[in-house]
Amino acid sequence: MQLPGVTGEKGIIAWFAANHVAANLLMLFIIVAGQMSALTIRKEMQPEIQLNWVQIQVPYLGAAPEEVEEGVVIKIEEAIQDVEGIKRLRSTAREGRGTVTAEIELDADFNAVMSEIKTKVDAISTFPALAEKPVIAEIEATNPVMLIAIQVTLTSSCARPSRRKFVMNCCNCRRLTRSSISVIVPSK
């Protein structure tokens with residue numbers, strides 16, 4: 001004959017099944033801890049995300065990708081490869097543009113590494129004559145807060161002025177910090 005609350009099973013689930021008070025106290029503790037963490041956890045609609053990437057773009061109009069790689073991309077890579085704090089380099093050579101993206105280590109001082117990259121890139125004097133000045137910028141993560149799509153049926157003679165007026169009104173809004181507007185005109 002077994003005593004009440006004692007089973008032949010062993011383990012934590014069997015123990016909690018036999019000890020109802022302990023199971024209820026554990027459940028109460030989990031609920032209270034969850035409520036406390038829900039009230040104290042940091043909540044943001046648009047969290048700031050630092051990507052730790054620096055992008056160097058050099059326009060080289062009229063140049064083929066091979067020319068961009070040899071005249072721009074390789075020179076930038078060689079100049080900044082020994083900068084301390086760079087985790088990885090990614091490069092792209094396209095027609096008319098060379099891009100080098102440097103991923104900065106998380107524990108490195110981002111501003112100091114970016115400043116050193118800028119100094120080393122500005123010191124390159126052997127870019128091709130038709131290459132423009134390098135543009136060095138931090139890559140920022142942006143999340144749209146709102147997307148608006150408006151579909152209007154207008155005659156072709158009044159469509160252009162109405163679109164232009166709408167775009168100007170959207171861009172002039174003082175509370176709008178960034179805007180990107182695309183106008184799609186369907187073909188008939």
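The values are calculated or read from the model by the stated rules, or taken from the named source; none is laboratory data. Because the structure is a prediction, the values reported are computed rather than measured. Neighbour counts are summed over all protein chains in view; Cβ atoms, including those assigned to glycine, are modelled from backbone coordinates with ideal geometry.
Among V113, V121, which is surrounded by 12 or more Cβ atoms within 10 Å (Cβ to Cβ), more than 19 Å from V73 (Cβ to Cβ) and at pLDDT 90 or above?
Being surrounded by 12 or more Cβ atoms within 10 Å (Cβ to Cβ), more than 19 Å from V73 (Cβ to Cβ) and at pLDDT 90 or above holds for just one of V113, V121, which is V113.
Taking region 49-80 on its own, how many of its residues are without any contact (Cβ under 8 Å) to a residue 24 or more places away in the chain and over 13 Å from K118 (Cα atoms)?
3
What about A93, is it under 30 Å from L130 (Cβ atoms), over 25 Å from the mean Cα position of the chain (by Cα) and of a type in the set (G, A, S)?
No, not satisfied.
Cβ-Cβ below 7 Å, separation at least six or inter-chain, first residue in region 97-125 and within 17 Å of E140 (Cα to Cα), second in a helix (DSSP H, G or I) and not acidic (D, E): which pairs?
What qualifies is V100/V73; V100/I76; A102/I80; A102/I117; I104/F110; I104/V113.
Out of R42, R88, report the one residue that is in contact with a strand residue (DSSP E or B) (Cβ under 8 Å, 6 or more places away or on another chain) and either at pLDDT 95 or above or loosely packed, with under 12 Cβ neighbours inside 10 Å (or both).
That would be R88, the only listed residue that is in contact with a strand residue (DSSP E or B) (Cβ under 8 Å, 6 or more places away or on another chain) and either at pLDDT 95 or above or loosely packed, with under 12 Cβ neighbours inside 10 Å (or both).
For region 53-68, how many residues meet the condition of being over 29 Å from the mean Cα position of the chain (by Cα) and either among the aliphatic types (A, V, I, L, M) or surrounded by 16 or more Cβ atoms within 10 Å (Cβ to Cβ) (or both)?
3
For V72, only one of the following conditions fails: (1) more than 30 Å from the chain's Cα centre (by Cα); (2) surrounded by 11 or more Cβ atoms within 10 Å (Cβ to Cβ). What is its number?
Evaluating V72 over (1) more than 30 Å from the chain's Cα centre (by Cα); (2) surrounded by 11 or more Cβ atoms within 10 Å (Cβ to Cβ) leaves (1) as the failure.
Would you check if there is a residue in region 42-65 being assigned by TED's automatic domain parsing to the domain that holds I117 and part of a helix (DSSP H, G or I)?
Among the residues of region 42-65, at least one is assigned by TED's automatic domain parsing to the domain that holds I117 and part of a helix (DSSP H, G or I), which makes the answer yes.
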